[in-house]
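Visitor: I'd like to ask some things about the structure below.
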């Protein structure tokens, strides 16, 4: 009899645990792997737009428009947000309906556009190549800068009827902005202001273990790096990432999820909003090419911010010189505000100041006051609303007020 009661109690406990886990999972239905569904779920209006680049990539833009009482789109100042390495427009939404930077800017009265780059989950189509072809993945952030960014910016200008816009980019988004305006300086006139969150340009002082271990191999021209050109870096299978994200829900301390983030954000995630980890795991990484990372590794080895190194022979064909040319950062004339963190695992303060020294129109440089603030904290960290957003919108509003006078 006692054995029977013990068996019944055990069965009840197991059932209770399963119900608890199921309830927890149901309470986290915010784990959404599509930006349109997420924005709608958070109670905002959304539009999705398709853009074609000059080299045939089909990109997706997400817009959070300002609407009038009759549902018509109001003309408001435009802000364009671009995410970082192996990320997508989703990262601007993961901090929740109240604290995500995209929503904060919308509530401040801006027409918000979220960009995406080739190879991520929203940009896996090309007019001539499919994703199984090496040619599809033979790109770095240089191509994103001279093809993807102009295509998206031109499209936004055409759709909205405005002549200029604001820009906010994080990490690789800052890289793309800097390369665009140094390679195609006419685009400086398009941007009213630019806010760069932990922009990656110089990386010689990075603390990234990936750079220290793989940089000397993949940042130089050799058989291995040549073979990896034209290879996809991360799978964008939504179901697999959603399964991994669900493992976070059953642990009070989601150590597994934090461990997966270490290569990207570092080992100290004290200010990362860990309640967002399941959503972050379900939406990052969002896909890209190995060549994107190798281009950064080349900068780590060379200590320079320059175009892709194809090797002496191909460099001569591409650039008419044996070494790749450095990006002419002096041509970037847009008013820029830069944020960086002292403890950033990816972007060292010394590299930020080296970048600042070469830019001609830096309005402000902010070091985040929290010593343990890290790379992902800029969009998914505690304190985004109190520190980052206030200063971004202050700079943008100051420009709009000057224009009205």
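Where a number appears in this text, it was derived from the coordinates with a stated rule and is not lab data. Values in this document were obtained by computation on a predicted structure and should not be read as measured data. Because the Cβ atoms are built from the backbone with ideal geometry, glycine has one as well, and the counts that use them run over all protein chains shown.
Visitor: Taking only C-alpha pairs under 8 Å that are 6+ residues apart, what is the relative contact order of the range 35-404 in percent?
Guide: 20
Visitor: Between residue 223 and residue 36, what is the label-point separation in nm under the 7 Å Cα-to-beta-carbon projection?
Guide: A separation of 4.7 nm, rounded to one decimal place.
Visitor: Rounded to the nearest 5, what % of DSSP beta bridges with both residues in the range 35-404 are antiparallel?
Guide: The antiparallel fraction comes to roughly 40 percent.
Visitor: Cα centroids of the range 100-147 and the range 162-186: how far apart, whole angstrom?
Guide: 14
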